[in-house]
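Throughout, read-outs are computed from the coordinates displayed, never taken from laboratory work. Just so it is clear, the structure is predicted and the values come from calculations on it, not from any experiment. Here Cβ is always computed from backbone atoms with ideal geometry, including for glycine, and neighbour counts include all displayed protein chains.
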2 protein chains.
Amino acid sequence: MTYCVAMGLEQGLVFAADSRTNAGVDQIATYRKLHKFEVAGERAVVILSAGNLATTQSVISLLNMRLGSDRPNLHGVSSMYDVASVVGSTCREVIMRDSGQSQSSVNFGSSFIVGGQIQGEAPRLFLVYPEGNFIESTRDTPYFQIGETKYGKPILDRVVDYSLSLKDAAKCALISLDSTIRSNLSVGLPLDVLLYQKDSLSLNNHHNVTENDANFRALGEAWSQGLREAFSCLPDVQW
Amino acid sequence: MTYCVAMGLEQGLVFAADSRTNAGVDQIATYRKLHKFEVAGERAVVILSAGNLATTQSVISLLNMRLGSDRPNLHGVSSMYDVASVVGSTCREVIMRDSGQSQSSVNFGSSFIVGGQIQGEAPRLFLVYPEGNFIESTRDTPYFQIGETKYGKPILDRVVDYSLSLKDAAKCALISLDSTIRSNLSVGLPLDVLLYQKDSLSLNNHHNVTENDANFRALGEAWSQGLREAFSCLPDVQW
């Protein structure tokens with residue numbers, strides 16, 4: 001499994017993803033789920049992927065191979081809507097190709113979170129379904145999750161708000177990932193975290209969080225401590 | 001869906017369950033998932049159920065109809081192990097009966113948490129799978145969940161410990177239910193909460209938590225507040 005979360009906020013976008021892939025408990029590997037497509041100063045696109053690894057790798061490979069070609073591609077299209085559309089149609093293409101002849105019960109599906117900014121537009125964030133169709137985030141619903149989403153959802157539901165700063169949003173994403181990692185073996189370090197400041201058109205604020213990352217460890221410990229304190233301060237129930 | 005959680009602790013057992021059943025979003029109903037089988041001063045058994053409602057209702061009905069009969073039943077068997085075994089075999093029986101002729105893709109499965117005490121034994125807690133087999137809680141793994149389990153698991157993983165008091169364990173179960181209710185529409189009030197004090201052989205400490213329950217509302221608000229405070233106290237990440 002995998003867990004990815006992204007937020008579309010007033011100040012920009014935040015992306016976070018783990019890097020664990022598993023097919024059974026004895027076939028665990030590390031694959032990055034955060035992919036960048038950037039033309040400095042002109043466009044900055046991030047794609048997070050979850051689902052069938054063969055499908056997601058093929059989709060990302062095809063997106064890369066087609067950059068600069070005649071067909072619609074991520075360096076050529078003129079809006080983030082078109083970027084999401086290209087990701088969706090590439091996903092459909094791969095799934096059709098791979099599942100077409102197959103009699104197996106394998107799930108070829110993959111989901112993607114696609115976000116970024118193209119000069120002339122505001123930053124935008126999309127969730128692309130395995131069917132290739134997609135939805136966009138709004139002020140009311142500023143975050144998307146894909147993969148193993150449930151463990152890390154309660155903290156997002158309580159904290160994420162359109163006006164949240166990028167720094168706090170990234171912190172919240174890390175907490176959401178930490179909760180998931182603690183409760184589910186199929187989600188694991190290292191993590192990718194990327195903060196995209198509105199109108200920067202740059203993907204440089206990208207961080208790789210490993211097991212030795214003192215920041216992440218301190219954050220996880222402070223959160224555990226804070227939760228236990230919050231729990232110990234709860235009012236007694238008068239049964 | 002449904003969410004039930006139970007804990008087997010040093011001081012006794014705690015059970016908690018929501019009461020929402022749904023088959024699609026326009027077919028939502030309230031059914032209690034906590035069932036009691038008691039012979040005062042001699043045995044105290046609690047069963048929580050999740051899964052196919054027809055299956056769980058039939059299992060509980062048959063368990064009740066067979067009390068006092070010649071066949072192994074919940075008032076006749078002499079250990080909690082046998083109680084779990086009777087629940088398991090009744091579940092198998094119902095699923096075999098109902099799915100036997102059916103060509104449909106309906107999932108007839110149900111899971112049960114079975115806990116309690118029979119005079120002469122310590123309290124014990126079991127998780128009964130749809131296949132009728134079962135596992136028992138231990139000091140290391142003192143809680144079981146069935147139904148919509150993921151949202152409410154992180155708080156259990158951080159707080160539940162074999163030495164936790166029954167009062168704190170019940171509080172933790174309520175928080176786990178509250179988190180689930182906030183993030184998932186298929187889990188809803190009212191809740192059943194039952195605290196079983198070791199050797200009491202009584203199921204009287206049983207509470208019905210409705211929307212108007214001031215205790216539950218205060219607990220949920222204090223927890224939200226505590227979480228937000230814990231979040232705001234987190235150290236900044238030095239990116």
- Query: Does region A:50-160 come out rounded, prolate or oblate, given a ≥ b ≥ c as the square roots of the eigenvalues of its C-alpha gyration tensor, rounded meaning a/c under 1.5 and, failing that, prolate meaning a/b above b/c?
  - Reply: oblate
- Given the options B:A169, B:A44, B:A214, state which has the largest fluctuation in a GNM of chain B using a 10 Å cut-off (strictly under) for Cα springs. B:A214
- Whole-number Å³ per residue for the convex hull built on Cα positions in the protein assembly as shown: 159 Å³
- Message: For a 29 Å ceiling on Cα separation, which of these pairs sit above it: A:K36/B:K153; A:K33/B:K171; A:K150/A:K171; A:K153/A:K198?
- Response: A:K36/B:K153; A:K33/B:K171
- What is the helix-to-structure angle for B:214-232, meaning the angle in degrees between its Cα long axis and the longest Cα principal axis of chain B, kept from 0 to 90 and rounded to the nearest 10? 50 degrees
- The size of the Cβ-based charge dipole (Lys, Arg +1; Asp, Glu -1) of region B:3-232 about the Cα centre, to the nearest 20 debye, is 160 debye
- Message: Running a GNM on chain A with Cα contacts under 10 Å, which residue among A:L185, A:L195, A:L174 ends up with the highest mean-square fluctuation?
- Response: A:L185
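Across every pair of different alpha-carbon atoms, what Kirkwood hydrodynamic radius in Å does chain B reach? List each step's numbers first, then the result.
On the way: mean 1/r = 0.0540 Å⁻¹.
With all distinct Cα pairs of chain B included, I get 18.5 Å.
Only helical DSSP H runs with n ≥ 4 go in: add -39500 (n - 2.57) per run for chain A, normalise by residue count and round the 222 nm mean residue ellipticity to 500 deg cm²/dmol. Please list the in-between numbers first.
Working: 5 runs with 77 residues, N = 239.
About -10500 deg cm²/dmol.
Output the relative contact order of region B:131-239, whole-number percent, from Cα pairs under 8 angstrom with separation of 6+ residues. Could the numbers behind the result be given before it?
Numbers: 74 pairs, mean separation 19.8, N = 109.
In percent, rounded to a whole number, it is 18.
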- Task: Once you have the Kirkwood Rh of region B:97-215 from its Cα pairs, apply Stokes-Einstein at 20 °C and 1.002 mPa s and quote D in µm²/s.
- Result: 130 µm²/s
- Item | Charge dipole (chain B, unit charges on Cβ, about Cα centre) - positive-most of B:I155, B:A54, B:A222 | B:A54
- Task: Relative to the longest principal axis of the C-alpha atoms of chain A, give the angle of the C-alpha long axis of helix A:53-65, reported between 0 and 90° and rounded to the nearest 10°.
- Result: 50 degrees
